[in-house]
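The values are calculated or read from the model by the stated rules, or taken from the named source; none is laboratory data. Everything numeric in this text was worked out from a predicted model, so none of it was measured. Positions of Cβ are backbone-derived with ideal geometry, glycine not excepted, and every protein chain shown enters the neighbour counts. Heads up: the accessible areas ignore ligands, DNA and RNA and are worked out on the full protein's heavy atoms, side chains in. Shrake-Rupley method; radii C 1.70, N 1.55, O 1.52, S 1.80 Å.
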Amino acid sequence: MSDVYVVTEHQAPESLDGVSYELLNAGRGVADDLGVDLVAVVVGGDTDGYLDELGVADRVVGVTDASLDEFNPVAYASAVESVVSQASPRLLLTSVTSIGMDVAPRVARSTDLPLVSYVTDVSVDGGDVVATSQLYGGKMFVDSALGGDPAILAVAKGAYDADGGRESGTPEVEEVGVDAADAGIRFVERHEPEAGDVDITRVDRLLAIGRGIGEEDNIPMAEETADALGAALASSRPLTDNKWLPKSRQVGKSGKTVQPDLYVAAGISGAPEHIEGMKNSGLIVAINTDEEAPIFDYADYGIAGDLFEVLPALTEQAE
Amino acid sequence: MDIAVPIRTVPDPVEELEADPDGTDIDREWTEFVLNEFDEHAVEEAVLLKEARDEGDTITVVALDDGLAEVEQMLYTAAAKGVDRLVRIIDVPPGLSTSGAASLLGSFLGDGDFDAVFTGVQSAEDRDGQLAGMLGHELDVPNVCVITGVDVDGDELVVEKEFSGGVTATYAVDTPAVLGIQAASEPPRYVAVSQIRRVMRSAEIETVDAADLGAPAEPGSDVVGLHEPERGGEAEMLTGSPEEAAAALADVLADHGMEV
């Protein structure tokens, strides 16, 4: 058995995370190219609720144990190691998420399998696999040759379409046992995001600011422009890390995914983590001093300029 | 509590990157390298924890030095922030994989008696995966990443882990453990050059030869090509003075039925 295995993920009960279907979509293509089966791996305390939309897979492997009820990095890694040792996958696909980043590197070292991370594309040529990673904040794609040997590919969120991997139906389920050793990690409690002053996922227009804003004192200037545009103010990660804006305003991987009619990104270079959260917006406008910034690849319109000049000009224009 | 913080360097995010003549790595010779920003957060979180506890914890920062960055400066800066012990692992091969870094650091840290290892959640060069999980295996201890806050309760670390969509969860972790820090509880502190200079007079940097830590683990795959993103979906640029560009944008918005 040397098939393509996909490690699905879930946070909410009764439904897999969307990223699982992205992985299944990626895995289906690679399995077909290799002429092997696609197997969905579902890990949890009780996996029954997660099996309804796995029609894209040929088989399902369930790893069920009370120790896997909540995500636990070491327990989950042990579960995936069990699958690897029992099934010897040709390829094991994981996601570059908070879950996958805990599991894949540990499993790679413990099983001695090569790991390629931040994968956005996988090509198969006569059984040889080349995985393309998006590195350096989105500025460079790097091709890794894996030959015909087993490997783990950690796929970047958003690289594949989830709809292509979601199909109703439950293939045959096989249970794999796990040695529920003491993981040394105990789940305590979950915290849902705090309701913010503004729900940036529900407004029509957003002005998002990034590192280019320089310092906290410059934020009122951006707020003025946002007001003038009839937009709410959002930001990339560095600003909420610095506590200049509340977490509820953060767009991207660990923040919100937004889809406003208008998204103006000022002083945001366009790291993949940010792009993930805004790329499906309607009209995207980027303002950045660096003409080579990746954000311009995702924008409909761009202004290569200093936000400290362009935003006040925009405010004046709008007023 | 003894905390170790491994730090790595990455190309300055503002730098343009080019492939080397072989097309199998970035051209390191002409690239500026800076401290991985997530590692800076890891240093900060360690210092914050030490200050909050005020129980004489010690922090050791361990830098992988491939000779391409001002690593001594980074270590002295860490000392000025409150780090107690500075270690520089020298003659690290440039472009070392994360697997290789994990094996070298695992070898060094395994000899120490650390209660916790804080490291940045990722680096821009983590082609073969992230350090925290690999170190967790190397040291045979628990690992948890995407951490935004660390506390201590008895012998346990109490950590906040971030999931997608702003969901977080609290975990209790036995020590020793490896934590991949996403963001420190407070923004990394600034230290003035004068403070760093003062520290340089007394702080000592221990050096360890990478060769003494064993052969670095291989990533198991070969880089066969580098390419820049295709600029296919390039934006239509609005040119002219800031005022002209702003006026052009207002016209674009009006054309899309968005009056401002």
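Overview of values
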read-out	value
Lone unmet requirement of (1) within 14 Å of another protein chain (Cβ to nearest Cβ); (2) open to solvent by less than 30 Å² (accessible area, probe 1.4 Å) for B:GLU18	(2)
Selection count where residues are without any contact (Cβ under 8 Å) to a residue 60 or more places away in the chain and open to solvent by less than 10 Å² (accessible area, probe 1.4 Å), scope the stretch A:48-67	0
Unique residue being small (Gly, Ala, Ser) and under 30 Å from B:ASP153 (Cβ atoms) when the list is B:ALA42, B:ALA19	B:ALA42
Qualifying residues in the stretch A:204-219 (those that are part of a loop (DSSP other than H, G, I, E, B) and out of contact with any Pro (no Cβ under 6 Å at 6 or more places or on another chain)) - the one least open to solvent (accessible area, probe 1.4 Å)	A:GLY210
Qualifying residues in the stretch A:297-319 (those that are facing another protein chain (nearest Cβ under 7 Å) and over 31 Å from the mean Cα position of the chain (by Cα)) - the one nearest to B:MET258 (Cα to Cα)	A:ALA318
Tally of residues being of a type in the set (Asp, Glu), surrounded by fewer than 17 Cβ atoms within 10 Å (Cβ to Cβ) and more than 30 Å from B:PRO229 (Cβ to Cβ) across the stretch B:21-58	3
Criterion: farther than 21 Å from A:LEU239 by Cβ and open to solvent by 40 Å² or more (accessible area, probe 1.4 Å) - qualifying residue of A:ASP199, A:ASP161	A:ASP161
The stretch A:186-197 residues that are facing another protein chain (nearest Cβ under 7 Å), paired with ones that are among the β-branched types (Val, Ile, Thr) and part of a loop (DSSP other than H, G, I, E, B) (beta carbon under 9 Å, 6 or more apart)	A:ARG190/B:VAL167; A:HIS191/B:VAL167; A:GLU192/B:VAL167; A:PRO193/B:VAL167
Selection count, the stretch A:175-211, where residues are within 24 Å of the chain's Cα centre (by Cα) and of a type in the set (Gly, Ala, Ser)	4
The listed residue being closer than 24 Å to A:LYS139 by Cα and open to solvent by less than 40 Å² (accessible area, probe 1.4 Å), out of B:SER97, B:SER107, B:SER103	B:SER97
Close pairs from the stretch B:59-77: first surrounded by fewer than 20 Cβ atoms within 10 Å (Cβ to Cβ), partner part of a helix (DSSP H, G or I), Cβ under 8 Å, at least 6 apart	B:LEU68/B:ARG28; B:GLN73/B:ILE196
1 or more residues away from every other protein chain (no Cβ under 14 Å) and within 18 Å of A:VAL178 (Cβ to Cβ): qualifying strands (runs of 3 or more DSSP E) within the stretch A:38-138	A:38-44, A:59-64
Test: residue in the stretch B:145-157 that is facing chain A (nearest Cβ under 7 Å) and open to solvent by less than 30 Å² (accessible area, probe 1.4 Å)	yes
Tally, over the stretch B:193-214, of residues that are open to solvent by less than 50 Å² (accessible area, probe 1.4 Å) and in a helix (DSSP H, G or I)	4
Those residues of the stretch A:1-46 which are small (Gly, Ala, Ser), over 19 Å from the mean Cα position of the chain (by Cα), open to solvent by 20 Å² or more (accessible area, probe 1.4 Å) and closer than 16 Å to A:ASP69 by Cβ, in sequence order	A:GLY45
Test: residue in the stretch B:200-216 that is within 14 Å of chain A (Cβ to nearest Cβ) and modelled with pLDDT of 95 or more	yes
Test for B:GLY240: is it at the interface with chain A (Cβ under 7 Å from one of its Cβ atoms), part of a loop (DSSP other than H, G, I, E, B) and either surrounded by fewer than 16 Cβ atoms within 10 Å (Cβ to Cβ) or at pLDDT 95 or above (or both)	no
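Each row is one residue, and each column tells you yes or no for (1) touching a strand residue (DSSP E or B) at 6+ places or on another chain (Cβ under 7 Å); (2) buried (at least 19 other Cβ atoms within 10 Å of the Cβ); (3) in a strand (DSSP E or B).
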residue	(1), (2), (3)
A:ASP143	yes, yes, yes
A:ILE152	yes, yes, yes
A:ASP182	no, no, no
A:ARG190	yes, no, yes
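Matching residues to (1) more than 8 Å from every other protein chain (Cβ to nearest Cβ); (2) open to solvent by 20 Å² or more (accessible area, probe 1.4 Å):
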{"site": "A:MET221", "(1), (2)": "yes, yes"}
{"site": "A:LEU233", "(1), (2)": "yes, no"}
{"site": "A:LYS243", "(1), (2)": "no, yes"}
{"site": "A:GLN250", "(1), (2)": "no, no"}
{"site": "A:LYS253", "(1), (2)": "no, yes"}
{"site": "A:ASP261", "(1), (2)": "no, yes"}
{"site": "A:ALA266", "(1), (2)": "yes, no"}
{"site": "A:PRO272", "(1), (2)": "yes, yes"}
{"site": "A:ALA286", "(1), (2)": "no, no"}
